[in-house]
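**Student:** First the structure, then my questions, so here it is.
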Amino acid sequence: MIAIVDYKMGNLASVRKALSALHYDAIITSDPEVIQDADGVILPGVGAFAPAMANLKEAGLDEAVKKAVSSGKPFLGICLGMQLLFDGSEEGAAEGGLIEGLGIIPGTVRRFPAAETTDKGLKVPQMGWNSLVDCNGSLLSGGEFVYFVHSFYCDPSDDSVVAARTEYGIRYCCAVERGNVFATQFHPEKSGEVGLAILSKFARRTRA
């Protein structure tokens, strides 16, 4: 069974539907005990960083996520769920400050440069399909196109955790991997056959 963490900030049903299409059982839950008993854990997310962290803490799910990661079971973060794994985010913070994250992946979630500072006049949020480059993650293959919706990007302190990058005004990290933890800024559950293949590779690990 794969536990999909419910902290009231996510694309939960679409993730479960994608796993169901792959013939994997998944449960949407806010129960820390169910998360600990699961064979694998997915932390999805859509929305703002600060209320997401507040919701996790209020429900005791911040510690449940940390315990799931430290247990060694397969763990997948998606979109905001990837950002929450980092030390902190500029989103919603006072100038020069950060909103504290889970501190599982060292690094900072940063705002995209303003359109006027790029040579492409890019709009924020990035919304749509983009290609993966510099892929070395175990769930990925080079040259894949996947679906993004976000206004902030992850900037790891250690390049060794970068599983893939993409370009949107700047080249930035869009997937990380460290031990049992894998996370993507893009949405595999919205990325067609490519996304289903990524979810399938992850889900197979829960049966190992």
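The values are calculated or read from the model by the stated rules, or taken from the named source; none is laboratory data. Quick caveat, the model's predicted, so the values are computed rather than measured. Heads up, the Cβs are rebuilt from the backbone with ideal geometry, glycines too, and the neighbour counts pull from every protein chain shown.
**Student:** What are the pairs with Cβ atoms under 8 angstrom where one residue, in region 179-198, is without any contact (Cβ under 8 Å) to a residue 24 or more places away in the chain and surrounded by 21 or more Cβ atoms within 10 Å (Cβ to Cβ) and the other, located anywhere, is part of a loop (DSSP other than H, G, I, E, B) and of a type in the set (Val, Ile, Thr)? Sequence gap at least six, or different chains.
**Tutor:** none
**Student:** Evaluate region 60-74: report whether one residue or more is over 16 Å from the mean Cα position of the chain (by Cα), of a type in the set (Asp, Glu) and part of a loop (DSSP other than H, G, I, E, B).
**Tutor:** No: region 60-74 contains no residue that is over 16 Å from the mean Cα position of the chain (by Cα), of a type in the set (Asp, Glu) and part of a loop (DSSP other than H, G, I, E, B).
**Student:** Against the conditions (1) touching a Pro at 6+ places or on another chain (Cβ under 9 Å); (2) modelled with pLDDT under 95; (3) crowded, with 19+ Cβ neighbours inside 10 Å, where does residue 168 fall short? Just the number, please.
**Tutor:** (1)
**Student:** While we're looking at this one, here's another question. Give the number of residues within region 15-53 that are of a type outside the set (Phe, Trp, Tyr), in contact (Cβ under 8 Å) with a residue 24 or more places away in the chain and not in a helix (DSSP H, G or I).
**Tutor:** 18
**Student:** Moving to a separate point now. Could you give every pair whose Cβ atoms fall below 6 Å, whose first residue belongs to region 54-71 and is more than 18 Å from residue 40 (Cα to Cα), and whose second residue is in a helix (DSSP H, G or I) and of a type in the set (Val, Ile, Thr), counting only separations of at least 6 or pairs across chains?
**Tutor:** So the pair list comes out empty.
**Student:** Looking at (1) under 24 Å from residue 12 (Cα atoms); (2) surrounded by fewer than 19 Cβ atoms within 10 Å (Cβ to Cβ); (3) in contact with an Asp or Glu (Cβ under 7 Å, 6 or more places away or on another chain), which is the one condition that is false for residue 163?
**Tutor:** (2)
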